[in-house]
Amino acid sequence: MKHFSFRHSVSFLAIVFSFISCTSEDRETPIDPPPLSGDYSNGVFILNEGNFGSVNASVSFLDESDQVFGNIFSNVNSANLGDTAQSMGFNGDNAYIVVNNSATVEVVNRNTFDRIATVTDMLVNPRYIVFSGNNGYISNWGDPNNINDDYIAVLNLETNLVESTISVVEGPERLLINNGKLYVAHKGGFGYGNTISVIDLEAQNVIESIPVADVPDGLVITNGSLYVTCTGKLPFTQDETIGGIFKIDTADATVESSLMFPEGIHPNSLEYINNTLYYTVENAMFNIKISNFQLPSAPLFEASDNGLEILYGFNVHNGNIYVADAKDYISNGEVFIYSLDGVLQNQFNVAIIPNSFYFNNL
Amino acid sequence: MKQIVCILFIGVLSSYEIYAQKDSITVLKEVQLKHIKIRDSIYTTNTVVLSDSVLRQNQASLTNLLNFNSPIYFKENGLGMVSSPSFRGTTASQTAVLWNGININSQTTGQTDFNTINTRGFNKIEVRAGGSSVSTGSGAVGGTINLVNELHYDTGFNNELFANYGEFNTYGMDYRTEYANKEFSIMIGLSRNGSDNDYPFPETDIINENGQYYNSNFSFASGYKLNKKNTINIYANVYDGRRNFSVPTPNALRTKYTDFNTRALVEWESIIGKYVSSNLKLASITEEYNFFANIDNDFFTFGRVNSFIVKYNLDYKPSNKVLLTAGTHYIHNNGRGSNIQSETRNLTAVNVGIKHFVSDAFLYEVTLRQETNEQFGNPLLYSAGISYRPTSFYQLKLNTSKNFRIPTYNDLYWTGLGDPNLKPETSYQGEISHNFSIKNASFAITGYYNSVTDLLRYVPGTDGIFRPENTNKVEIYGLECLLNAEKNINDHKFTANATYAYTVSENQETGRQLIYVPFHKFTTSVGYAYKKLSAYYQYINNGEVFTTTDNATNNILDSYIVANLGVDYTFGTSISYKVGFQVLNLWNEAYESVLNRPMPGRNFNTYVNLIF
């Protein structure tokens, strides 16, 4: 009987150990289609910001034949892009990806996506990047608890080091450079802003602060006029305010005219093409002709009609409107492409929380 | 296919063991699968009791203990960081953690962070799967974990010192002193645990940064038998913990988090006349967290809730076969936080029940609980079941219950986002257990079904803002297997415990499995002792989980195995001291239980345990 039990004990252990093979490490994970031999020179980059804290930001690529390639940053560089990719910018041969919660800017070749450098110093909650001459300008919210430490980091594009900072008021978000001036929309970061700062790039200091409505978001400059969408404070703030679109004369930094929205309507973003401004309200797309600067009575289209759940990013380019659907934020998102008159042309899946589109040599 | 193989192994394993043990002549000393001991609980479901010796063998966190010894699935944001359970496929706030029978889930989040419970403060932990809202109220939907300070009488003066030290400067110190005579019993425990927690992520050159933590726990329990009919018990527990949250990426802003929780309980047990006994519990609980979004800045956000709880229960036992119970339960919460205005709420409930042994083999029980809270719809909760034991070898248990979970403080009162009109979640459950036991082995297999409606979830609006809502219906069903076996051959002692859970937890709207609920989880531990030498091997196999609600295969978190091996030797006779050595993650598995939050590879730990 002793022998019997011993044998069973051994068998028992053998069974236990055999569970080691019971894992899915060799399960067939779907492999992203192989990249076009590192050729991303003509197409659309779609930035998927990923979940905050989850280090699952990624870049998808739509090529000219409408093929979609996922995870191109990690496929090319064998590294994670990081935690919450906020935005991207092009300068020369390079693309710069601002990774908010990683507090980094990834510098890659815009045609191969090979990593060139990672900017890590002097970035705290970085948001957007623009370029002028030898410098990149990166908006930073700074410490979430401190409303007085927000700044624009000035990046030396040769060394990829931040060489100075320009202090600004709370919540610098989107940036635009025009005529030697940097325009900063103070969306508010961890609070709520209501101004546009104007920075003289030569002197590197703030020369104007233009008051607009609460939560300025999208910026467009055309024909010497700066247009700004202000979302207004949302109801959950318990201090809801109305939104508006402002037209500012860049020559003297004064508000020329403004279109205020009815109570409870909160516009987002702003893009420009063919003398027309495009903005969104929830899942609806609206447009305004520059020549007829007044609020439209009806949307251009309602993206929900095509099954979109949460409109989280959009852009217009070469006769198309690109719309990103974040769904429930814990699913792979989707992209919808419309013609400028609002007819759906194409739709395809991307990755988690797509938030913006960047057009490479298109 | 592999999963099927896993199930087959379980089947083979269990039948193997039961038959293998048939010839045995030794007696199983401690059957861990037994009837529930807590007074206000039910007889028609199974409870797993983890004894002091099991608690000692495991690391100090409740996450680690239950991960290796129960079918509960854990997601842990890196070792020692925020840890939440999924018990029988439910969400983290649907598992109730009780401290000596009192619910201690956070009123702000509805959950217990299992890495803020130090198991060294308790000498028994009971794990019960399935709903038990009739006895514990809101939250006990997926299951309950009861942290117990069990008092013993007439055991004299005993002291125990336990110290461990391991890699990454991980240390634990635990001192427990007990004195008990025939009328009086007292137990005091002091414990401190900490770690630099700067482990390298396996297969990379990245270090877990900013993950250091430490915590201290004070526990107290005493009982005094005033006379033959009256006993007063007093319990207290203080937990003070500080953690830095490890950074998801190296350059990210560093954060820290502190917890300070106190619990006090006075219990009066008395016997009135011949047939009646009563139990009164008065408890006061405080919970407090502070979150520092930047470790270098003194600014923090916080939440604080003070609770006062009264539980009164009367048992009427007209014969040895019948028990009639009636009770009342009152909870007062007073909370506030950075985003919550000061809010108080009062919850009351009454319950009645009957347990009846119709024969020695057959028992039925019914308990009803009427919640009397207008805001939450005054639900009538119930639990009913039967137990049938035709032979000593086999027992059948059937149970059905209605359970609920009320919205948390955050759900209701978070400024601008909370919704004071939220409804509670409601759960209807049924389960059937087949328990088999022979001299030195027991095996239980339970099938269950649980339908949860009005599930509370944070849902993004078209404005991108997440708000709590009563959303989907979730249907959960599955199988649980528990196995215990023990065999002595001369001086050789073998033990084996195993659990297996198969869980389907489906959102009825989408037909998809909930995220972070594995279909399969298997745990086993085998022990061997020879005279003063003992060794054990623990093993878990966690199935893959979806991390996105579309169940997209490219976002699956792979399954993993983790095993620990320990050896110890006891020296001394009157004063005994044990020296032990553990290898954690023996096979050096690179694994994550939360996406992109790697856990440590193989690491080593030593301990001494002094009893005097």
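The values are calculated or read from the model by the stated rules, or taken from the named source; none is laboratory data. Quantities reported herein were computed from a predicted structural model and do not represent experimental measurements. As a convention, Cβ positions derive from the backbone with ideal geometry for all residues, glycine included, and neighbour counts pool all protein chains shown.
So which of A:208, A:240, A:271, A:263 ends up being in contact (Cβ under 8 Å) with a residue 12 or more places away in the chain, more than 30 Å from residue B:461 (Cβ to Cβ) and not polar (S, T, N, Q)?
Numbers: A:240 fails: more than 30 Å from residue B:461 (Cβ to Cβ); A:271 fails: more than 30 Å from residue B:461 (Cβ to Cβ); A:263 fails: more than 30 Å from residue B:461 (Cβ to Cβ).
Only one candidate qualifies: A:208.
Would you check if residue A:320 is within 14 Å of chain B (Cβ to nearest Cβ), in contact with a strand residue (DSSP E or B) (Cβ under 6 Å, 6 or more places away or on another chain) and touching a residue at least 24 places away in the same chain (Cβ under 8 Å)? Give the steps one after another, and end with the answer.
Values: within 14 Å of chain B (Cβ to nearest Cβ): no; in contact with a strand residue (DSSP E or B) (Cβ under 6 Å, 6 or more places away or on another chain): yes; touching a residue at least 24 places away in the same chain (Cβ under 8 Å): yes.
Against the criterion (within 14 Å of chain B (Cβ to nearest Cβ), in contact with a strand residue (DSSP E or B) (Cβ under 6 Å, 6 or more places away or on another chain) and touching a residue at least 24 places away in the same chain (Cβ under 8 Å)), residue A:320 does not qualify.
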Checked region A:198-240 for anything out of contact with any Ser or Thr (no Cβ under 6 Å at 6 or more places or on another chain) and within 14 Å of chain B (Cβ to nearest Cβ); matches are A:231, A:234, A:235, A:236, A:237, A:238, A:239, A:240
I need the full set of residues from region B:470-487 which are more than 9 Å from every other protein chain (Cβ to nearest Cβ), crowded, with 17+ Cβ neighbours inside 10 Å and either among the charged types (D, E, K, R) or over 26 Å from residue B:143 (Cα atoms) (or both), in order please.
B:475, B:480, B:486
Count of residues meeting criterion [in a strand (DSSP E or B) and either within 13 Å of chain B (Cβ to nearest Cβ) or within 15 Å of residue A:52 (Cα to Cα) (or both)] in region A:324-362
11
So the check is Cβ under 9 Å with 6+ separation or different chains; which pairs have a first residue in region B:512-532 that's closer than 15 Å to residue B:70 by Cβ and a second one that's of a type in the set (D, E, K, R)?
B:518/B:544; B:520/B:544
What number of residues within region A:63-115 are in a strand (DSSP E or B), of a type outside the set (S, T, N, Q) and at pLDDT 95 or above?
14
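So for region B:376-384 (the condition being closer than 21 Å to residue B:318 by Cβ, within 28 Å of the chain's Cα centre (by Cα), outside any helix (DSSP H, G or I) and not acidic (Asp, Glu)), does at least one residue qualify? Quick ask: steps written out before the conclusion?
Quick first cut of region B:376-384, residues closer than 21 Å to residue B:318 by Cβ only: B:384.
Pick out the ones that are also within 28 Å of the chain's Cα centre (by Cα) and you get B:384.
Within this subset, residues satisfying the condition of being outside any helix (DSSP H, G or I) are B:384.
Of the ones still in play, those that are also not acidic (Asp, Glu) are B:384.
Looking through region B:376-384, at least one residue is closer than 21 Å to residue B:318 by Cβ, within 28 Å of the chain's Cα centre (by Cα), outside any helix (DSSP H, G or I) and not acidic (Asp, Glu).
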Subset of region B:178-219, residues buried (at least 20 other Cβ atoms within 10 Å of the Cβ) and among the aromatic types (Phe, Trp, Tyr), comes to B:199, B:213
Would you check which residues across region A:137-159 are of a type in the set (S, T, N, Q), away from every other protein chain (no Cβ under 14 Å) and farther than 13 Å from residue A:98 by Cβ and list them?
A:156, A:159
Within 13 Å of chain A (Cβ to nearest Cβ), touching a residue at least 40 places away in the same chain (Cβ under 8 Å) and not hydroxyl-bearing (Ser, Thr, Tyr): which single residue out of B:490, B:497, B:551 fits that description?
B:497
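Working only within region A:116-160, note down all residues that are among the polar types (S, T, N, Q), assigned to a loop (DSSP other than H, G, I, E, B) and under 20 Å from the mean Cα position of the chain (by Cα). I'd like the intermediate steps shown before the answer.
Pass one, region A:116-160, residues among the polar types (S, T, N, Q): A:118, A:120, A:125, A:132, A:134-135, A:139-140, A:145-146, A:148, A:156, A:159-160.
If we keep only those that are assigned to a loop (DSSP other than H, G, I, E, B) as well, we get A:120, A:125, A:134, A:145-146, A:148, A:159-160.
Across region A:116-160, the qualifying residues are A:120, A:125.
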Identity of the residue in region B:519-546, surrounded by fewer than 23 Cβ atoms within 10 Å (Cβ to Cβ) and part of a loop (DSSP other than H, G, I, E, B), that ends up farthest from the other protein chains (Cβ to nearest Cβ):
B:532
Just name the residue that is nearest to the other protein chains (Cβ to nearest Cβ) out of those in region B:428-443 that are in contact with a Ser or Thr (Cβ under 6 Å, 6 or more places away or on another chain) and assigned to a strand (DSSP E or B).
B:443
Flag if residue B:447 is away from chain A (no Cβ under 14 Å), crowded, with 16+ Cβ neighbours inside 10 Å and not charged (D, E, K, R):
no
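Name the one entry in B:168, B:157 that is within 30 Å of residue B:201 (Cβ to Cβ) and either in a strand (DSSP E or B) or touching a residue at least 40 places away in the same chain (Cβ under 8 Å) (or both).
Details: B:157 fails: within 30 Å of residue B:201 (Cβ to Cβ).
Only one candidate qualifies: B:168.
Can you find even one residue in region B:574-585 that is within 14 Å of another protein chain (Cβ to nearest Cβ) and assigned to a strand (DSSP E or B)?
Keep residues of region B:574-585 that are within 14 Å of another protein chain (Cβ to nearest Cβ), which gives B:585.
Then keep just the ones that are assigned to a strand (DSSP E or B); that gives none.
Checking region B:574-585: not a single residue is within 14 Å of another protein chain (Cβ to nearest Cβ) and assigned to a strand (DSSP E or B).
Could you tell me whether residue B:355 is within 14 Å of chain A (Cβ to nearest Cβ), crowded, with 17+ Cβ neighbours inside 10 Å, touching a Phe, Trp or Tyr at 6+ places or on another chain (Cβ under 8 Å) and part of a strand (DSSP E or B)? Please lay out each step first, then the result.
Values: within 14 Å of chain A (Cβ to nearest Cβ): no; crowded, with 17+ Cβ neighbours inside 10 Å: yes; touching a Phe, Trp or Tyr at 6+ places or on another chain (Cβ under 8 Å): yes; part of a strand (DSSP E or B): yes.
The answer is no for residue B:355.
Do we find that residue B:97 is in contact (Cβ under 8 Å) with a residue 12 or more places away in the chain, among the aliphatic types (A, V, I, L, M), within 21 Å of residue B:215 (Cα to Cα) and out of contact with any Leu (no Cβ under 6 Å at 6 or more places or on another chain) in this structure?
Numbers: in contact (Cβ under 8 Å) with a residue 12 or more places away in the chain: yes; among the aliphatic types (A, V, I, L, M): yes; within 21 Å of residue B:215 (Cα to Cα): yes; out of contact with any Leu (no Cβ under 6 Å at 6 or more places or on another chain): yes.
The answer is yes for residue B:97.
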Only one of (1) part of a strand (DSSP E or B); (2) over 28 Å from residue B:346 (Cβ atoms) does not apply to residue B:368, and that is (2)
Among (1) more than 14 Å from chain A (Cβ to nearest Cβ); (2) within 30 Å of residue B:210 (Cα to Cα); (3) in contact with a helix residue (DSSP H, G or I) (Cβ under 7 Å, 6 or more places away or on another chain), residue B:340 falls short only on (1)
So the check is Cβ under 9 Å with 6+ separation or different chains; which pairs have a first residue in region A:143-159 that's closer than 19 Å to residue A:95 by Cα and a second one that's part of a loop (DSSP other than H, G, I, E, B) and among the aromatic types (Phe, Trp, Tyr)?
none
Would you mention how many residues in region B:428-443 are farther than 13 Å from residue B:393 by Cβ and not polar (S, T, N, Q)?
4
When you go through (1) within 14 Å of chain B (Cβ to nearest Cβ); (2) touching a Phe, Trp or Tyr at 6+ places or on another chain (Cβ under 8 Å); (3) surrounded by fewer than 20 Cβ atoms within 10 Å (Cβ to Cβ); (4) not acidic (Asp, Glu) one by one for residue A:264, which number turns out not to apply?
(2)
